[in-house]
Amino acid sequence: MSVITCYIVDDEPVSRAILQYYISQLSWLHLQGEFEDAKTAAAAFQKHPVDLLFLDINMKGMSGIALAEALSPRPLIVFTTASREYGPEAFALEATDYLVKPITQERFLQAAEKIKRTCEQEKPAAGSEDDACIFVRDHKALVKLSIADILYVEALGDYLKLHTGNRFFTMLGTMKQMEEKLKAYGFMRIHRSYMVALRAVSGVEAGNIIIGQQRLPVSDTYRAELFAEINQKKL
């Protein structure tokens with residue numbers, strides 16, 4: 001199988017060292033960095049995304065739960081914590097596994113097998129949106145947003161605004177990362193700041209894409225590819 005890249009995010013040096021050793025024993029798992037706080041890890045992930053995070057929960061400042069909620073597209077998550085009480089949050093975030101410290105090598109290898117099985121599963125076919133979703137913040141709650149409900153994505157600095165029919169959700173992330181996640185579901189980049197669901201496009205007018213009451217600009221960089229796709233789909 002192909003190599004799976006990962007980060008360790010844990011404020012305990014001993015815990016990081018143990019995980020680093022366990023990871024080094026698996027040829028298909030590559031450690032690209034380790035961090036002692038979530039904010040530094042978040043900044044690194046924005047520049048250099050990885051496939052997997054081994055993520056502590058109780059850390060100073062930003063918690064591991066908050067980091068997992070903020071990342072988009074979210075990598076595989078294996079929580080590593082001294083407490084069992086965060087199981088419901090881990091379940092809501094669809095964590096691959098939940099390791100309670102002290103972590104034995106046997107238990108780590110069980111988690112590694114789950115990681116491998118998850119990565120080897122066939123990816124969903126293009127346009128198959130029914131079961132695909134993104135977790136986003138809605139006030140203080142974490143909610144599941146169906147990709148089928150997203151009409152277009154707007155970039156706002158380090159944040160993304162996901163527009164649905166009658167509202168929007170804001171999340172931390174880059175357009176490049178979201179493009180990688182959504183392109184399999186019929187989304188296309190039309191501008192440095194916009195990506196649209198082709199199914200939602202109702203027309204083209206004076207170089208703009210029309211989605212509902214919104215007119216979104218199409219830049220020269222993406223114009224030819226976009227219109228070729230539109231003609232192919234006969235929108």
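Taken together, the values in this text are just the output of simple stated rules run on the coordinates, not laboratory data. In this text the structure is predicted, and so the values were computed from the model without any measurement. As a convention, Cβ positions derive from the backbone with ideal geometry for all residues, glycine included, and neighbour counts pool all protein chains shown.
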Query raised in the report: If each of Ile230 and Ile210 carries a label point 7 Å out from its Cα toward its Cβ, how far apart are those two points in nm?
Result: 1.0
Query raised in the report: Is region 1-40 rounded, prolate or oblate when judged by the Cα gyration tensor, a ≥ b ≥ c being the square roots of its eigenvalues, rounded requiring a/c under 1.5 and prolate requiring a/b larger than b/c?
Result: oblate
Requested in this report: Taking the dipole about the Cα centre of the chain, with the C-beta of Lys and Arg at +1 and of Asp and Glu at -1, give me whichever of Gly61, Leu151, Asn208 is farthest to the positive side.
Outcome: Asn208
**Report entry** Under Karplus coefficients 6.51, -1.76 and 1.60, residue-wise ³J(HN,Hα) of region 104-113 in Hz, glycine/proline x
**Finding:** 7, 5, 4, 5, 4, 5, 5, 5, 4, 5
Query raised in the report: Can you sort Ser27, Ser72 so the residue with the fewest Cβ neighbours within 10 Å comes first?
Result: Ser27, Ser72
Report summary line: With +1 at each Lys and Arg Cβ and -1 at each Asp and Glu Cβ, the charge dipole magnitude of region 149-188 around its Cα centre, to the nearest 20 debye, comes out at 40
Report summary line: Taking only the alpha carbons of region 6-80, the radius of gyration and the largest Cα-Cα distance, Dmax, both in angstrom, are 11.2, 33
Query raised in the report: Which FRET efficiency, nearest 0.05, do Gln105 and Ser83 yield, Cβ-Cβ r, R0 22 Å?
Result: 0.55
Requested in this report: Search the structure for amide H atoms under 5 Å from the amide H of Phe168, placed 1.01 Å from N in the peptide plane, and list their residues when 5 or more places away or on another chain.
Outcome: none
Requested in this report: Name the residues whose placed amide hydrogens come within less than 5 Å of the amide hydrogen of Phe135, ignoring near sequence neighbours (fewer than 5 apart) on the same chain.
Outcome: Leu145
Query raised in the report: D for region 133-233, whole µm²/s, Stokes-Einstein with Kirkwood Rh over alpha-carbon pairs at 20 °C and 1.002 mPa s: what number?
Result: 155
Query raised in the report: Using alpha-carbon positions, what is the distance between the centroids of region 43-104 and region 175-235, in Å?
Result: 33
Query raised in the report: For Rg/Rh (Cα atoms, Kirkwood Rh), the listed values are [x] 0.97; [y] 0.99; [z] 1.02; which was obtained by calculation from the structure presented?
Result: [z]
